[in-house]
Amino acid sequence: MKYLRAVVMFINTLVMYLGLPLLGWGIDDLGGFFSLDPRSGYALLVVACGFAVGYQAIDAPEGIRGSRGEGHKRVRSQSIVSIVIILLLFAALIFLPFADRRSIGVMIGGQAAAIRWLGLVLFGLGCALVFWSGILLGRLYSAEVTIQKNHRLITVGVYRHIRHPRYLGGIILAIGLSLLFRSWIGLAASFLFIGVVLSRIKDEEALLHSEFGQEWETYCQQSWRLIPCLY
């Protein structure tokens, strides 16, 4: 059963991160999508991410599906935010390639190729952070802002230095996609997304502080919220 789950998650990753962009670009011109090396590299990276997610589905499936946590220890307003973020991600994966092909709100100039490659690197880094955090969190992962049953603080790996690496990964991923498809619109939306994430972090840290008290304060003194040495 776990291997079937791995196959399903691999396919889901390909459909979401490659199928939707190809649909947005236009299935009548798949050759055009793959005509640029950064976009071809993106496809290969998505396949690699698919294998990673498949592995995670076997080794730490809770870090993918998450759980709802305890009802009385949940920021309910953030449940709606989670749904909106997912819908916006779907929309971005379709719109950015659509706009790229038709030169809608795109970056132009001699640095376009370098911008695309930078976007590809950032997308890969963002995916790596999301994957790594999911492995470390395991059953404690939730798409909602909540406290799980028998919750404990994770302070190992990347969490030793960054309190919210999954959110950082999401931000980097969003910026990377925008640069990969040279979209000014996507880049502007990414900074709006950062505002949403910061609001979510505020609610999450307040909930964690109320649950763990001094343990949380000590952890905060030894770590950074998103960016080491800066924030």
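The values are calculated or read from the model by the stated rules, or taken from the named source; none is laboratory data. Predicted model only: the values in this text are computed from it and were never measured. Counting neighbours? That spans all protein chains shown, and the Cβs are built from the backbone with ideal geometry, glycine included.
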Considering only residues of segment 139-151 that are closer than 21 Å to GLN56 by Cα and among the charged types (D, E, K, R), which is farthest from the chain's Cα centre (by Cα)?
-> ARG139
In this structure, does GLY176 turn out to be touching a Phe, Trp or Tyr at 6+ places or on another chain (Cβ under 7 Å) and buried (at least 21 other Cβ atoms within 10 Å of the Cβ)?
-> yes
Which one of ARG101, ARG139 is surrounded by fewer than 20 Cβ atoms within 10 Å (Cβ to Cβ), within 30 Å of GLU205 (Cβ to Cβ) and touching a residue at least 12 places away in the same chain (Cβ under 8 Å)?
-> ARG139
Please state which of the following conditions GLY157 fails to meet, knowing it meets all the rest: (1) of a type outside the set (Phe, Trp, Tyr); (2) crowded, with 17+ Cβ neighbours inside 10 Å; (3) over 25 Å from TYR42 (Cβ atoms); (4) under 20 Å from the mean Cα position of the chain (by Cα).
-> (2)
What do you reckon, is ARG152 in contact (Cβ under 8 Å) with a residue 12 or more places away in the chain, closer than 30 Å to PRO97 by Cα and basic (Lys, Arg)?
-> no
With the condition kept exactly as written, say whether any residue in segment 6-18 is among the polar types (S, T, N, Q) and buried (at least 16 other Cβ atoms within 10 Å of the Cβ).
-> yes
Output for segment 1-43, where each listed residue is assigned to a helix (DSSP H, G or I), among the hydroxyl-bearing types (Ser, Thr, Tyr) and without any contact (Cβ under 8 Å) to a residue 60 or more places away in the chain | TYR3, THR13, SER40
Of everything in segment 104-131 that's in a helix (DSSP H, G or I) and modelled with pLDDT under 90, which residue is surrounded by the most Cβ atoms within 10 Å (Cβ to Cβ)?
-> PHE131
Segment 138-231: helices (runs of 4 or more DSSP H) wholly inside it with 3 or more residues that are of a type in the set (Val, Ile, Thr) and at pLDDT 90 or above are 165-180, 184-212
Quick one: in segment 179-202, which of the residues that are surrounded by fewer than 22 Cβ atoms within 10 Å (Cβ to Cβ) and among the polar types (S, T, N, Q) is nearest to GLN222 (Cα to Cα)?
-> SER199
